[in-house]
Structures are given as structure tokens and as C-alpha cells.
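Single-structure report; data block below.
The values are calculated or read from the model by the stated rules, or taken from the named source; none is laboratory data. Since we're looking at a predicted model, the values are computed, not measured. Cβ placement follows ideal geometry from the backbone for every residue including glycine, while neighbour counts extend to all protein chains displayed. Note: accessible area is taken over every heavy atom of the protein model, side chains too, but ligands, DNA and RNA are not part of it. Shrake-Rupley method; radii C 1.70, N 1.55, O 1.52, S 1.80 Å.
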Amino acid sequence: MKITFYGHASLGIEVGGKHIIVDPYISANPNAAHIDIDTLKADYILLTHAHGDHILDVEAIAKRTNAVIVSNAEIAGYYGAKGFQSHPMNHGGSWNFDFGKLKYVNAIHSSSFPDGSYGGNPGGFVIEGEHKNIYIAGDTALTMDMKLIPMRTKLDLAILPIGDNFTMDVEDAIIASDFLNCDKILGYHFDTFGYIEIDHEESIRKFFNKGKDLMLLEIGSSIDL
Ligand code: NI
Ligand code: MN
């Protein structure tokens with residue numbers, strides 16, 4: 001499994017020979033100006049919730065690639081009504097896709113579209129791939145529900161928001177990684193706006209002091225699991 005960070009909460013995932021884009025907010029992110037969304041491959045677009053900083057580039061990417069948009073039922077329906085391919089899910093449900101098994105799990109946040117449309121309830125995803133399993137938290141507070149995830153899935157990586165203000169901060173993300181039984185963390189949802197700027201060195205050190213590995217990727221760079 002290969003995971004590429006496209007800035008903010010945007011990810012590219014290659015798994016099972018398929019290309020997945022998660023929460024694309026790239027074209028308006030000045031820190032991601034070197035990423036051209038017209039070059040991104042996508043068989044699927046996974047959306048954790050409907051906020052503008054997670055869906056901005058969905059239509060441009062889906063139009064070009066014909067990717068299947070996977071999210072909660074309300075978000076899938078919103079794009080389905082616009083003629084895009086979509087797959088509706090809801091909390092606690094899993095589906096076996098051709099890239100692996102995907103589960104939509106709880107997040108504590110909100111989820112309206114920028115135009116005011118109802119975006120259902122926000123979530124995160126667990127992907128069980130061929131050899132590796134990951135959790136993408138989406139925008140969320142620390143929640144006890146995270147303890148449910150390792151009861152079903154042994155995680156190899158947890159992708160957690162760490163920017164504070166709208167989501168967990170670093171300290172809560174450290175507790176989350178305890179709940180998740182996963183000491184390998186990719187941080188996201190930081191630095192994009194003034195509200196969520198973090199000190200990288202200090203954040204990495206705080207995880208390190210608890211015996212955990214926080215990775216902060218340069219925008220456009222990847223890790224292989
Ligand atoms: Ni949000
Ligand atoms: Mn957000």
C-alpha cells in the first residue's frame with residue numbers, strides 16, 4: 001500500500017492495483033500549488049464529510065476519471081444526483097471493493113456542504129488491504145468509539161488530524177493512537193489555515209516521548225507500507 005500526502009486532509013492511496021483519492025482539497029491550497037489535480041489517478045474518491053476543505057476538487061477529478069465517489073448516503077446521493085458514480089455507506093457498515101474491504105466509522109464533527117445542503121453525519125474509514133490495514137480518521141474529536149476499531153482490525157497505520165481548533169490536537173491524537181492500538185501515525189489537517197498551525201518538531205517529539213512514531217510528510221511525498 002502506498003500513501004501520498006496531497007496537503008491538508010487530502011491523500012492518494014494505491015492499494016490492490018487501484019488508485020484512491022481521499023478528501024481532495026488541493027487546487028485552492030497554496031501549499032499544494034505544485035500538485036496538478038489533472039494528473040491524479042482515481043478509481044475511487046473517498047469522502048469523510050462534506051465540508052469545503054474536503055470536497056473542493058471532487059467534481060473536477062470525478063468528471064475526468066469517472067471515479068466512484070464513496071461516502072455516507074447523503075454525500076453519495078448529492079453527487080449521484082449530479083450524475084456522478086457513487087456508492088453510499090453509513091456508520092458501521094463495510095463493503096468489499098476490488099481494492100479491499102472498506103468500513104465507514106464514526107467521527108465527532110459536522111458535515112454540511114458549502115452550499116448549505118445536508119451532508120449527513122461525518123465519518124472516517126478503515127481500509128483492510130491485501131497486506132496492510134489503515135484507519136483514516138477524518139475530521140474528528142478524540143472519541144471512545146476509536147477503541148472499537150482494533151477489536152476488529154489490526155492497524156498498521158493511523159492517519160489522524162492533529163491541527164487542533166477544528167479537530168483533535170497532538171495530545172488527543174496520542175491518546176487516540178492508544179485507543180487504536182497503533183503506534184505509527186501519519187498526521188494531517190494541520191498548517192493549512194492560521195487556526196491549525198502546529199510546531200512540527202514539538203509534535204514529533206511528543207509522540208516520540210510516548211514511544212510512538214508521528215510522520216509528517218511533505219506535500220506530494222509518499223510512504224510505502
Ligand atoms: Ni470538517
Ligand atoms: Mn476539515
For region 115-120, 3J(HN,Hα) per residue [Karplus equation, 6.51 cos²θ - 1.76 cosθ + 1.60, θ = phi - 60°, Hz, x = Gly/Pro] = 7, x, 4, 6, x, x
Among the lysines, select those whose C-alpha is under 23 Å from the C-alpha of LYS18, and discard any that sit fewer than 8 residues away in the same chain.
-> LYS2, LYS41, LYS63, LYS101, LYS103, LYS132, LYS154
Computed Rg/Rh of region 2-224, alpha carbon atoms with Kirkwood Rh = 0.93
With a cut-off of 17 Å, note down the residues of region 16-43 whose backbone N falls inside the zone around a label point 7 Å from the Cα of SER94 toward its beta carbon.
-> 16
Rounded to one decimal in nm, the spacing of the 7 Å Cα→Cβ label points at ASP145 and THR39 is 3.7
Carbon/sulfur fraction of accessible area - the chain, other protein chains in place, 1.4 Å, % | 48
Tell me, what HN-Hα J-couplings in whole Hz come from the Karplus equation 6.51 cos²θ - 1.76 cosθ + 1.60 at θ = phi - 60° for each residue of region 14-27, using x for Gly and Pro?
-> 10, 8, x, x, 10, 10, 10, 10, 10, 6, x, 9, 10, 5
All other residues with a Cβ under 11 Å from the Cβ of ASN29 taken together, and with Lys, Arg as +1 and Asp, Glu as -1, what is their net charge?
-> -3
Report the paramagnetic label zone for ASN209: residues of region 184-199 whose backbone N is under 19 Å from a point 7 Å from Cα along the Cα-to-Cβ axis.
-> 184-185, 187, 198-199
Take the alpha carbon gyration tensor of region 46-176, find the square roots of its eigenvalues, order them as a ≥ b ≥ c, and report rounded if a/c is under 1.5; if not, report prolate when a/b exceeds b/c, else oblate.
-> oblate
Starting at the first residue of region 91-96, write each ³J(HN,Hα) from the Karplus equation 6.51 cos²θ - 1.76 cosθ + 1.60 with θ = phi - 60°, in whole Hz, x for Gly and Pro.
-> 4, x, x, 10, 9, 8
Simple spin-label estimate for GLN85 and TYR118 in nanometres, 7 Å along Cα-Cβ = 2.8
Chymotrypsin sites (Phe, Trp or Tyr not before Pro) in region 150-225 lying in a DSSP loop, each with at most 16 other Cβ atoms within 10 Å of its Cβ, come to PHE193
Gaussian network model of the chain, Cα within-10 Å springs - most flexible of ASN209, ASN106, ASN165 | ASN209
Would you work out which of SER110, GLY123, THR140 lies farthest towards the positive end of the dipole of the chain, given +1 charges on the beta-carbon of Lys and Arg and -1 on that of Asp and Glu, about the Cα centre?
-> GLY123
Would you calculate, for the chain, the mean residue ellipticity at 222 nm contributed by helices, counting each DSSP H stretch of 4 or more residues as -39,500 (n - 2.57) and dividing by all residues, to the nearest 500?
-> -5500 deg cm²/dmol
